[in-house]
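Note sheet for the following structure.
The values are calculated or read from the model by the stated rules, or taken from the named source; none is laboratory data. This one's a predicted model, so the numbers in the text were calculated from it and none came from an experiment. Cβ sites come from the backbone with ideal geometry, for glycine too, and all protein chains shown count toward neighbours. All accessible areas refer to the heavy atoms of the entire protein, side chains included, with ligands and DNA or RNA removed. Shrake-Rupley method; radii C 1.70, N 1.55, O 1.52, S 1.80 Å.
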Amino acid sequence: GRDDGSVKIDVYTIQDADKEACTWYHSFQDALVNSCNVWMIRIVEALGKEIYYNYLNKFWFWDSTGIELAEEKNWSVPKAWAISMAWFFNNSFWQWVTVTQIQLAAAYSALVNWWKYIKPTIISQIREKSANNDNITIQEKVAHSLRQAIRPEVSEEMRTALFTVADTNNQYKTARVEWYRLGAKSWTSQIAYKWIYQRWVWWTQATFAWIVSIDDPEYIVLIWLSRPRTSQWWVWTACKIFGDIATFLIWYSMME
């Protein structure tokens, strides 16, 4: 399809940040890899407001996850008919959508792993040893499936798509781990500080969701850097940090 680089909604004009990568004829996969705002709008435009807001409900963004987490907030998903076109299209690339980190992690786990939304829990199991350490009792936490968020085949497609994002975009190169297929997506990578976008140190925030690994999803890693002091480019901050974390998690899993 064709991306003209900008789209006007009501009195607002929404543009692609990277016009070279986004403008003109590209696939939806390219739009996902390069975070093309206009193409994201075209996608939700094709879906329609009712279907889009139904997904927000299925991924539980309208309510807290139910675990005791400081400052976990509800976000009210209003009726689709009550949303202006400007608000609707801004939501397509996650502007104006407020969710907590644990809500986002739960949504990603449903997206790439179980295809069902599982109620998050902090503790997966408790191991108790006897006094002489010769016996171990394991109490497993039961996973509660609350709803089916997407179809299984869509989950498989999303695994491939998120791997493609991390594998084909060279800006993710510092986050790659040899021999492992990792998935990633910015959410979003450059958030304005005090409503101003700037290309200077201290002025950007970087947020990402990462999956370790796509073939056997076991970890969802969320990274949020608030105004990194050493570099304004997320490829040398959030990506590098994830590469170190992913390497540790892979080795840790092999040692268990």
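Within the stretch 235-252, the set of residues being modelled with pLDDT under 80 and of a type in the set (S, T, Y) comprises T237 only.
Here's the yes/no breakdown for (1) closer than 19 Å to E157 by Cα; (2) touching a helix residue (DSSP H, G or I) at 6+ places or on another chain (Cβ under 6 Å); (3) of a type in the set (V, I, T); (4) outside any helix (DSSP H, G or I):
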{"residue": "V7", "(1), (2), (3), (4)": "no, yes, yes, yes"}
{"residue": "I14", "(1), (2), (3), (4)": "no, yes, yes, yes"}
{"residue": "E20", "(1), (2), (3), (4)": "no, no, no, no"}
{"residue": "V38", "(1), (2), (3), (4)": "no, no, yes, no"}
{"residue": "I41", "(1), (2), (3), (4)": "no, yes, yes, no"}
{"residue": "E45", "(1), (2), (3), (4)": "no, no, no, no"}
{"residue": "E50", "(1), (2), (3), (4)": "no, yes, no, no"}
{"residue": "Y53", "(1), (2), (3), (4)": "no, yes, no, no"}
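Okay, residues lined up against (1) farther than 26 Å from G66 by Cα; (2) among the acidic types (D, E); (3) at pLDDT below 85; (4) open to solvent by 20 Å² or more (accessible area, probe 1.4 Å):
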residue	(1), (2), (3), (4)
I123	no, no, yes, yes
A131	yes, no, yes, yes
N135	yes, no, yes, yes
I150	no, no, no, no
Q171	yes, no, yes, yes
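Across the stretch 152-169, what is the number of residues that are modelled with pLDDT under 85 and over 23 Å from N34 (Cβ atoms)? The number of residues fulfilling the criteria is 0.
Please go through the stretch 198-234 and pick out each residue that is open to solvent by less than 20 Å² (accessible area, probe 1.4 Å), of a type in the set (A, V, I, L, M) and modelled with pLDDT under 80. Across the stretch 198-234, the qualifying residue is only A206. Applying the selection to the stretch 47-98, what residues are of a type in the set (D, E, K, R), buried (at least 16 other Cβ atoms within 10 Å of the Cβ) and at pLDDT below 75? Hit for the stretch 47-98 is E72, nothing else. If the condition is being surrounded by 15 or more Cβ atoms within 10 Å (Cβ to Cβ) and free of Cβ contacts under 8 Å to residues at least 24 places away in the same chain, then the stretch 20-46 contributes A21, C22, T23, D30.
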